[in-house]
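Input: a single structure, listed below in structure tokens.
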Amino acid sequence: MRRYETILIAHVDLSEDELNQLIARYETIITGQKGILVKVERWGKRKLAYLVRKQARGTYVLFEYAGASGVVNELERNLKIDDRILKFMTVFKEEAVDPEALQKEIAEAAKKAENQEAPALEASSEPAVEETSPVDTAAAPPSDSENTQGKGE
């Protein structure tokens, strides 16, 4: 089993739902070919270095996975015939990958993502309460000495 990563550039005009469907489709292709999906990262919409199919912007998505060469062949075959994909590139990362180590890495990444989301949820659920004194809330007009500074009198 080898480890690969595929970066694809999707058409920038895709809605969020269409992009989710596109990602889900390629995830099922990887897992359907008995590959192990390690992670999927959305890098967002970015400007391209040059025009690709008359497009100046694209949505970048990274798939990191492990499997036999058949996984890559099937994924690239589907990417080539999809009109929503502007460009893609597959990179070989490791020769021999232990499936158990991959599962452990996936579990650690999921736990890390959970820990990062939990504080964000706690912070957003609690309303921000600021204690201000009456002096802070009343805006005082500037004094005459502040108005004359820097005017070159």
**OP:** Report, by residue number, each residue of the range 79-90 that is of a type in the set (A, V, I, L, M) and either at pLDDT below 95 or buried (at least 16 other Cβ atoms within 10 Å of the Cβ) (or both).
**Re:** Leu79, Ile85, Leu86
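Kindly provide the set of residues from the range 58-78 that are assigned to a helix (DSSP H, G or I) and buried (at least 18 other Cβ atoms within 10 Å of the Cβ), ordered by number.
Going through the range 58-78, the residues assigned to a helix (DSSP H, G or I) turn out to be 69-78.
Val71, Val72, Leu75, listed by residue number.
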Original post:
If you go through the range 49-68 one residue at a time, do you hit one that is at pLDDT below 95, of a type outside the set (Phe, Trp, Tyr) and touching a helix residue (DSSP H, G or I) at 6+ places or on another chain (Cβ under 8 Å)?
Top reply: yes
**OP:** Take Lys39 and decide whether it is at pLDDT below 95, under 25 Å from Ala109 (Cβ atoms) and in a strand (DSSP E or B).
**Re:** yes
Original post:
With respect to the numbered conditions (1) touching a helix residue (DSSP H, G or I) at 6+ places or on another chain (Cβ under 9 Å); (2) basic (Lys, Arg); (3) free of Cβ contacts under 8 Å to residues at least 24 places away in the same chain, which one is the sole condition not fulfilled by Lys80?
Top reply: (1)
Original post:
Of the residues Gly44, Gly70, which single one is of a type in the set (Gly, Ala, Ser) and touching a strand residue (DSSP E or B) at 6+ places or on another chain (Cβ under 7 Å)?
Top reply: Gly44
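Looking at Leu14, Leu8 in this structure, which one is assigned to a loop (DSSP other than H, G, I, E, B), on the phi < 0 side of the Ramachandran plot and either charged (D, E, K, R) or crowded, with 16+ Cβ neighbours inside 10 Å (or both)?
Details: Leu8 fails: assigned to a loop (DSSP other than H, G, I, E, B).
On inspection, the qualifying residue turns out to be Leu14.
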Original post:
Out of the residues in the range 100-116 that are surrounded by 11 or more Cβ atoms within 10 Å (Cβ to Cβ) and either over 18 Å from the mean Cα position of the chain (by Cα) or in contact (Cβ under 8 Å) with a residue 24 or more places away in the chain (or both), which is nearest to Arg3 (Cα to Cα)?
Top reply: Leu102
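Look at Gly35 and say whether it is of a type in the set (Gly, Ala, Ser), closer than 21 Å to Glu16 by Cα and surrounded by 13 or more Cβ atoms within 10 Å (Cβ to Cβ). Quick ask: steps written out before the conclusion?
On the way: of a type in the set (Gly, Ala, Ser): yes; closer than 21 Å to Glu16 by Cα: no; surrounded by 13 or more Cβ atoms within 10 Å (Cβ to Cβ): yes.
Considered against the rule, which asks whether it is of a type in the set (Gly, Ala, Ser), closer than 21 Å to Glu16 by Cα and surrounded by 13 or more Cβ atoms within 10 Å (Cβ to Cβ), Gly35 comes out as no.
Can you tell me which residue within the range 79-114, out of those that are assigned to a helix (DSSP H, G or I) and in contact with a strand residue (DSSP E or B) (Cβ under 7 Å, 6 or more places away or on another chain), is nearest to Thr28 (Cα to Cα)?
Filtering the range 79-114 for residues assigned to a helix (DSSP H, G or I) gives 79-81, 99-114.
Right, trim to in contact with a strand residue (DSSP E or B) (Cβ under 7 Å, 6 or more places away or on another chain) and you get 79, 99, 102, 105-106, 109.
Details: Leu79: 13, Pro99: 18, Leu102: 18, Glu105: 20, Ile106: 17, Ala109: 20 Å.
Across the range 79-114, the extreme among qualifying residues is Leu79.
The values are calculated or read from the model by the stated rules, or taken from the named source; none is laboratory data. Note that the structure is a prediction, hence the values are computed from the model and not measured. Positions of Cβ are generated from backbone atoms using ideal geometry, with glycine treated the same way; all protein chains shown enter the neighbour counts.
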